[in-house]
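Just below is one structure, and these are the notes that go with it.
The values are calculated or read from the model by the stated rules, or taken from the named source; none is laboratory data. Since the model is a prediction, treat every value here as computed from it, not as a measurement. No Cβ is skipped: glycine too gets one built from the backbone with ideal geometry, and neighbour counts run over all protein chains shown.
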Amino acid sequence: MKKIINNPNDVVSDMVSGMIQAFPEKLEQIDGTMVIKRKELSSNKVGLVSGGGSGHEPAHAGYVGKGMLDAAVAGEVFTSPTPDQILAAIKAVDTGHGVLLIVKNYTGDVMNFDMASELAESEGIKVEQVIVNDDVAVEDSDFTTGRRGIAGTVFVHKIAGAMAETGATLNEVKEVAEKTITHVRSMGMALTPCTVPAAGKPSFQLEDNEMEIGIGIHGEAGIERKPITSAKNIANELTQKVLDDLQLQSGDEVAVMINGLGATPEMELFILQQHVNQLLKDNNLSVFRTYVGEFMTSLEMTGCSVTLLKVDNQLKSLLEAKSEATAFRV
Amino acid sequence: MKKIINNPNDVVSDMVSGMIQAFPEKLEQIDGTMVIKRKELSSNKVGLVSGGGSGHEPAHAGYVGKGMLDAAVAGEVFTSPTPDQILAAIKAVDTGHGVLLIVKNYTGDVMNFDMASELAESEGIKVEQVIVNDDVAVEDSDFTTGRRGIAGTVFVHKIAGAMAETGATLNEVKEVAEKTITHVRSMGMALTPCTVPAAGKPSFQLEDNEMEIGIGIHGEAGIERKPITSAKNIANELTQKVLDDLQLQSGDEVAVMINGLGATPEMELFILQQHVNQLLKDNNLSVFRTYVGEFMTSLEMTGCSVTLLKVDNQLKSLLEAKSEATAFRV
Amino acid sequence: MKLQVNDIRNWMNLSNQLIQENKSYLTELDQAIGDSDHGINMARGFQEVITKIQDQSYSTPSDMLKDVAMTLMSKVGGAAGPLYGTAFLKLSMAWKNKSEIQVNDIKDGLQAGLDGIKQRGKATSGEKTMIDVWDPVVQLFSENDITDPSLIEETAKQAMNNTKDLKATKGRASYFKEKSIDNIDPGSASSYYIFSALSTSLQGA
Amino acid sequence: MKLQVNDIRNWMNLSNQLIQENKSYLTELDQAIGDSDHGINMARGFQEVITKIQDQSYSTPSDMLKDVAMTLMSKVGGAAGPLYGTAFLKLSMAWKNKSEIQVNDIKDGLQAGLDGIKQRGKATSGEKTMIDVWDPVVQLFSENDITDPSLIEETAKQAMNNTKDLKATKGRASYFKEKSIDNIDPGSASSYYIFSALSTSLQGA
Ligand SMILES: Nc1ncnc2c1ncn2[C@@H]1O[C@H](COP(=O)(O)OP(=O)(O)O)[C@@H](O)[C@H]1O
Ligand SMILES: Nc1ncnc2c1ncn2[C@@H]1O[C@H](COP(=O)(O)OP(=O)(O)O)[C@@H](O)[C@H]1O
Ligand SMILES: [Mg+2]
Ligand SMILES: [Mg+2]
Ligand SMILES: [Mg+2]
Ligand SMILES: [Mg+2]
């Protein structure tokens, strides 16, 4: 394991200190927690809290800022944060208009955010939750834990954040967040694994010529392992799977996110983007905006994900609204 | 070699296509070249052109946009672009106010940009050049090729870009670019090498416990190979070397860039940032702004660099000026 | 055979010991069908439990277990944190105001803990989770008059090993579908250590 | 022994062949003390040269070499592109309007090429660059009456091997300082191939 760290058990607190010191005018840490919040909240606004395990940077702290989240809760690496920390975030961002929690659909996250909601409600704070489940690599079924939340979550942050900034009510913000979740789907793939610092060993193994389609952002199993192929084939496979699930009509408009999982050169993301773009054109879909970069990573995993969000006028204007989040400037 | 690419010989043209398709409203490609330019130039402005070998993304195309570069010329991977391409960029961005070339100090880059300047001048275009040489890992001497240009180049793009946008003359823009170069220093380190796609093999080898201090962004030799140590020690070594060279006084103000070389998780960059920040405090230096992320990469190299820019009021206001470059939004 | 505050402390110390000793093993189990953090999370959480309770005096086992529950809830995280937190909270509630815990109380308490886990995790038996260890242990108490505490350890161990044959349908392991088979469920392994520790601490009590 | 348009075409074809065959080797040399691209750059550039000149008719070697120079300049890139581009441009200029190139013209042309490289690269002999192959070859022509063209190949080869002992002070290899010693300079190797091809094409001419 080769990492630029100190004690592997301290990576999250070291990172959070670094973030606060990098943006002292914008961010602050809630004492005794791993919660990063906007230094100055917008007044008269629904509060927005997200979070999850660390190791997905810039998610989630990079999305804290005017126009996106009010606070992000950083759990240990790949480990959902605990209810007390989430509660601290909720209390810190509530200005009396209620708080929306944006949660990725993992058992641990759902349970911890649930418990924090219960605690906050018992203290008289209005709390609502939305669960993001954009990963089409996993089947959605009532008998399973359902699809995972991956890069599409960033669109939910952006859109809900912009909506909240307009002064919308908690229900209105929740509604547009749920609309976004309904219309966003993603699929990822990996070339190499990542190593949880405190574990010290890679979380899985792939042969020298192998890739895994449908990988999860914590290294959870995907759909298939097979020999690595061209960027074009990879783009087509990921995008087609997303298209099949989203059931878009000819003429529909989409926002596209090409996301690197941590160690993939930006060059490769743009190469991939070219083919995603082509396939969308071939399907007579029009592209509203394309976002290329690292948005929801998996430590130093090599790989990528493709996210499509079907947009209408409302979602488009919310995507375009100003954002001052350090990792998502509009 | 595991990469998301098609034919290794096509990576640059595939990438450039992807970039243009990702930002069709902002960028365009000059036909028959690997030049990416702003779709709409600001009028009455000195033109700004930079570029170099590919593989350093988001450098340089990511810095094209209102408030930064007007065009970027993408060479083959790690290979300076050729004079004809640079000339095409110069001609495309000249609005009669002359063009400044921002060149990183490598033999190939300097020669190719020189020749392009000569060609442009022979066609009646006023051209000036600045050579960025911020890498303190290399000694600056008249008998050598001098220090290399690395991540500090991005500050030169930003500051010269902002100055040009004010309507300053070619000489004024050149002057502030040179002032920036005088005040910026960087130093990098690597944990793992990168692989030029068409070469197919890693450009160097490091043992499992080894790091290389002072690495170049093309994998050129650094100062020392030694066992990997803590983030704190790495931060201190890189920062101290930069401080020694910049000869700052107690009370001076700096802008800080913590740059990932391609495969380093953002988490680690923030951990590093914490210690860089501490050392600056210990030296009684004040930090104006901190930039953490991937700004000047080396394909999928794992490692980082630390850049310090001594700022005064002029440089501060130019750093803070609006930028619409896709990879550097202010 | 009854448990007093010191026996509970002993139970927690032994649980912590086993978890620290098997931290890497638990993480390896989670590497195969999860995200490589279960050992790290449990070791961090139980270490904090010990720090919390070791020098504190409690008047009842329930009071101590409430601290255990709250510490696990706020220090473990992930899926295991809320589940173990809930389980120990239910245990604490079931034993409220009792200064001595009889075998019958253990049965009721574990049943309450199991119900809490099932409810919190929206899961049931056979889904390859820690439930598949808790359930057989609770059944053991319901169906037998426990005179030999080592039965608890044996039952838990057997149950843990049985999770190998199951296909996960809840938690992170469920993404591995068929590939989850042939692996011991990490949460079942940590639950086994907790029951093994209970078994040992009951021997002397 | 004189060179006509077809001999120059032959020279370029042979140069290209050697460079394509040794593409990986040139890149490996550049891997050791550079950035792993010299073979890739030279192979791309010379392939383009052949594409450019193969079906074109030229009235003089100079005309053909101008196309060679411009193609190298715009297709090689890096340090080698401008240097070889300049060298062949100087060669073309030195041979302007001549339809047959005599040994003496070769001497003058190579001298002009060498001067061009030195000027463009702001470098001189002994700095571990391609100059350390061009220089001895030019000297060979100055000091001898070349009757046996294989002398050119031998001299270039020897010169290339001698770059092993040098410490680089120009170009990317200079960053490697002492560590550059014991490695053949990649640009010297590609220059050797070009002179080896010249030698062969002179045999028949
Ligand atoms: N829905 C559930 N109900 C009961 N137990 C569960 C459930 N989901 C997960 N578990 C248990 O939690 C364990 C995983 O814990 P841990 O690795 O700490 O959390 P995470 O999966 O969030 O990384 C599993 O091995 C399983 O025993
Ligand atoms: N200043 C210089 N003068 C002459 N030759 C040089 C100079 N700098 C580099 N070279 C030659 O160029 C070769 C490197 O070419 P190449 O790898 O294509 O370019 P780059 O170094 O830009 O990657 C070196 O091996 C050397 O022979
Ligand atoms: Mg986890
Ligand atoms: Mg090069
Ligand atoms: Mg886990
Ligand atoms: Mg080279």
Quick check on the range A:215-239: of everything there that is within 16 Å of the chain's Cα centre (by Cα) and within 17 Å of A:Val184 (Cβ to Cβ), which residue is nearest to the other protein chains (Cβ to nearest Cβ)?
A:Gly216
Quick check on my filter: what residues within the range A:61-86 are at negative phi, more than 16 Å from ligand 5 (Cβ to nearest atom) and out of contact with any Leu (no Cβ under 7 Å at 6 or more places or on another chain)?
A:Ala61, A:Gly62, A:Lys66, A:Met68, A:Ala71, A:Ala72, A:Val73, A:Ala74, A:Asp84, A:Gln85, A:Ile86
From A:Asp70, A:Asp10, grab the single residue that is within 17 Å of the chain's Cα centre (by Cα) and of a type in the set (Asp, Glu).
A:Asp70
Search result, residues across the range D:156-172 that are out of contact with any Lys or Arg (no Cβ under 6 Å at 6 or more places or on another chain) and touching a residue at least 60 places away in the same chain (Cβ under 8 Å):
D:Gly171, D:Arg172
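Listed here are the residues, each with its yes/no results for (1) surrounded by fewer than 24 Cβ atoms within 10 Å (Cβ to Cβ); (2) more than 28 Å from A:Ala198 (Cβ to Cβ); (3) more than 16 Å from ligand 5 (Cβ to nearest atom).
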| site | (1), (2), (3) |
| --- | --- |
| C:Asp37 | no, no, no |
| C:Ala43 | yes, no, no |
| C:Ala80 | no, no, no |
| C:Gln111 | yes, yes, yes |
Does at least one position in the range D:26-47 carry a residue that is on the phi < 0 side of the Ramachandran plot, free of Cβ contacts under 8 Å to residues at least 12 places away in the same chain and either touching a strand residue (DSSP E or B) at 6+ places or on another chain (Cβ under 7 Å) or more than 16 Å from ligand 4 (Cβ to nearest atom) (or both)?
no
Would you point out which residue out of D:Thr86, D:Thr71 is in contact with an Asp or Glu (Cβ under 7 Å, 6 or more places away or on another chain) and β-branched (Val, Ile, Thr)?
D:Thr71
Every residue from the range A:251-296 that is touching a helix residue (DSSP H, G or I) at 6+ places or on another chain (Cβ under 7 Å) and hydroxyl-bearing (Ser, Thr, Tyr):
A:Thr290
Which of (1) part of a helix (DSSP H, G or I); (2) touching a residue at least 40 places away in the same chain (Cβ under 8 Å) is the odd one out, the single condition A:Gly149 does not satisfy?
(1)
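Yes or no, residue by residue, for (1) modelled with pLDDT of 95 or more; (2) surrounded by fewer than 20 Cβ atoms within 10 Å (Cβ to Cβ); (3) acidic (Asp, Glu):
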| site | (1), (2), (3) |
| --- | --- |
| B:Ser13 | yes, yes, no |
| B:Pro24 | yes, yes, no |
| B:Gly32 | yes, yes, no |
| B:Lys37 | yes, no, no |
| B:Ser43 | no, yes, no |
From B:Val184, B:Val99, B:Val136, B:Val173, which residue is modelled with pLDDT of 95 or more, under 19 Å from the mean Cα position of the chain (by Cα) and within 14 Å of another protein chain (Cβ to nearest Cβ)?
B:Val136
When both residues are 6+ apart or on different chains and their Cβ atoms are under 6 Å apart, which pairs have a first residue that lies in the range B:47-60 and is on the phi < 0 side of the Ramachandran plot and hydroxyl-bearing (Ser, Thr, Tyr), and a second that is at pLDDT 95 or above and surrounded by fewer than 24 Cβ atoms within 10 Å (Cβ to Cβ)?
B:Ser54/B:Val12
In the set A:Ala168, A:Ala162, A:Ala177, which member is in contact with a strand residue (DSSP E or B) (Cβ under 7 Å, 6 or more places away or on another chain), away from ligand 3 (no atom under 16 Å from the Cβ) and under 30 Å from A:Gly96 (Cα atoms)?
A:Ala177
Go through the range A:213-243 and report how many residues are touching a residue at least 12 places away in the same chain (Cβ under 8 Å) and part of a helix (DSSP H, G or I).
12
Unmet requirement for B:Gln240, which otherwise passes all of (1) buried (at least 19 other Cβ atoms within 10 Å of the Cβ); (2) at pLDDT 95 or above; (3) not small (Gly, Ala, Ser):
(1)
Assess whether A:Glu253 counts as being closer than 19 Å to A:Ala231 by Cα, modelled with pLDDT of 95 or more and out of contact with any Asp or Glu (no Cβ under 6 Å at 6 or more places or on another chain).
no
Residues in the range A:100-112: is at least one touching a residue at least 12 places away in the same chain (Cβ under 8 Å), touching a Gly at 6+ places or on another chain (Cβ under 6 Å), surrounded by 24 or more Cβ atoms within 10 Å (Cβ to Cβ) and of a type in the set (Asp, Glu)?
yes
Go through (1) out of contact with any His (no Cβ under 6 Å at 6 or more places or on another chain); (2) within 11 Å of chain A (Cβ to nearest Cβ) for B:Val242 and report which single condition fails.
(2)
